[in-house]
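A.B. asks: One structure, as structure tokens, below. Some questions next.
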Amino acid sequence: MVNLDQLRKKYEQINRTKSDNDTSDFLKKFLMMKEGTTVVRILPSKSEDEDFYAETAIHRIDGRNHHCPRVKGNDCPLCDLSYQLWNTKVDENQNIARQIKSSKRFYINAVERDTGDVKILSMGVKLFSKILDCFFDEDYGDITDVKEGHDFKIVKDIQGQWPNYDKSSPKPKRSPAGSAQEIAQWFDELHDIHGLVRVASYEDLKKMALSIIGERDSTNTPDPMPKEDSDDEGDYLSHLKGLGNG
């Protein structure tokens, strides 16, 4: 006679292992920036019609990441709730508003110079702005140019609980990204960064918003939220387990 309890345990075991392995393999695609200096070569996209970066905004709810529909021009119940809670002027509500509001993220394909591997570089607004600054500086220009571009030094300092990237900068000397063979291989290994932005459904986010708000008072006319930015990729990556589900 079949022991259903043992079969159920085995089923849970093999599926849990598969899930853990899938998550581990997924995280390996990302560059985990260490404290100190990490040198990368930011790669262009394969097509001129596609940006070398992908932009999104993330809501982190219950330890999971959910891509905000507003990145595609759609309505977002969590954004609406965040503004409404902030507008109540109640400290407890405003703390929740900070927690559920979306944070901008940018994905870029980059060669990690220490390993030669193509990784997904995930970053917040501040570090991404530093990279964009290069394009508008006549001393650098298009740093993604594989023939005459620049390597980029990411300098990560820990100040309190947040990382700081103010010292990050491109290397001053122009250089080829690599040999023709290396460049061809890197282009074959480019990650689908735009495919990472899987916008969460309005219905799912609405359920989350309703479960959060409960009986809290809110108003329909929001005040502006305070502008905050964090480039803490460690905190972001720790939540990547839920990335593919939102």
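No lab work stands behind these numbers, since they all come straight from the coordinates. This structure is a prediction, so every number in the text was calculated from the model and none was measured. Cβ coordinates were reconstructed from backbone atoms using ideal geometry, including for glycine residues, and neighbour counts include every protein chain displayed.
A.B. asks: Past 20 Å, Cα to Cα, is the threshold; run Lys119/Lys153; Lys104/Lys173; Lys104/Lys171; Lys126/Lys171; Lys147/Lys171; Lys101/Lys156 against it and keep the listed order. Can you show the working numbers first?
C.D. replies: Details: Lys119/Lys153 15 Å; Lys104/Lys173 31 Å; Lys104/Lys171 26 Å; Lys126/Lys171 18 Å; Lys147/Lys171 15 Å; Lys101/Lys156 25 Å.
Beyond 20 Å: Lys104/Lys173; Lys104/Lys171; Lys101/Lys156.
A.B. asks: For a quick check: with amide H placed at 1.01 Å from N, whose amide H comes under 5 Å from Asp117's, ignoring anything fewer than 5 positions away on the same chain?
C.D. replies: Residues meeting the criterion, in which the H sits 1.01 Å from N, are Glu112.
A.B. asks: What list of ³J(HN,Hα) values in whole Hz, one per residue of segment 35-42 in order, does the Karplus curve 6.51 cos²θ - 1.76 cosθ + 1.60 (θ = phi - 60°) give from phi, with Gly and Pro shown as x?
C.D. replies: 5, x, 10, 10, 9, 10, 10, 6
A.B. asks: List, in order, the whole-Hz ³J(HN,Hα) value for each residue of segment 112-126 obtained from phi through the Karplus relation with A = 6.51, B = -1.76, C = 1.60 and θ = phi - 60°; use x for Gly and Pro.
C.D. replies: Once rounded to whole Hz, the list reads 7, 4, 5, 10, x, 8, 7, 10, 8, 9, 9, 8, x, 5, 5.
A.B. asks: I need Asp51, Asp62 ordered by Cβ neighbour count within 10 Å, fewest first.
C.D. replies: Working: Asp51 13, Asp62 10.
If I rank by nearby Cβ atoms, fewest first, I get Asp62, Asp51.
A.B. asks: For Ile61, which sequence-distant residues (separation of 5 or more, or a different chain) have an amide H within less than 5 Å of its own amide H, given hydrogens modelled in the peptide plane?
C.D. replies: Correct list: His66.
A.B. asks: Amide H neighbours of Ser168 under 5 Å, at least 5 residues apart or on other chains, H built in the peptide plane: list them.
C.D. replies: Those lying under 5 Å, H to H, from Ser168 are Val155.
A.B. asks: Same structure again: By average Cβ neighbour count within 10 Å, what is the ranking of 28-38, 92-102, 77-87 from highest down?
C.D. replies: Output ranking for 28-38, 92-102, 77-87: 77-87, 92-102, 28-38.
A.B. asks: Follow-up question, since we're still on this one. Across segment 163-180, in residue order, what do the Karplus-derived ³J(HN,Hα) couplings come to in whole Hz, using 6.51 cos²θ - 1.76 cosθ + 1.60 with θ = phi - 60° and x for Gly and Pro?
C.D. replies: Once rounded to whole Hz, the list reads x, 10, 10, 4, 8, 5, 6, x, 6, x, 8, 6, 7, x, 5, x, 6, 4.
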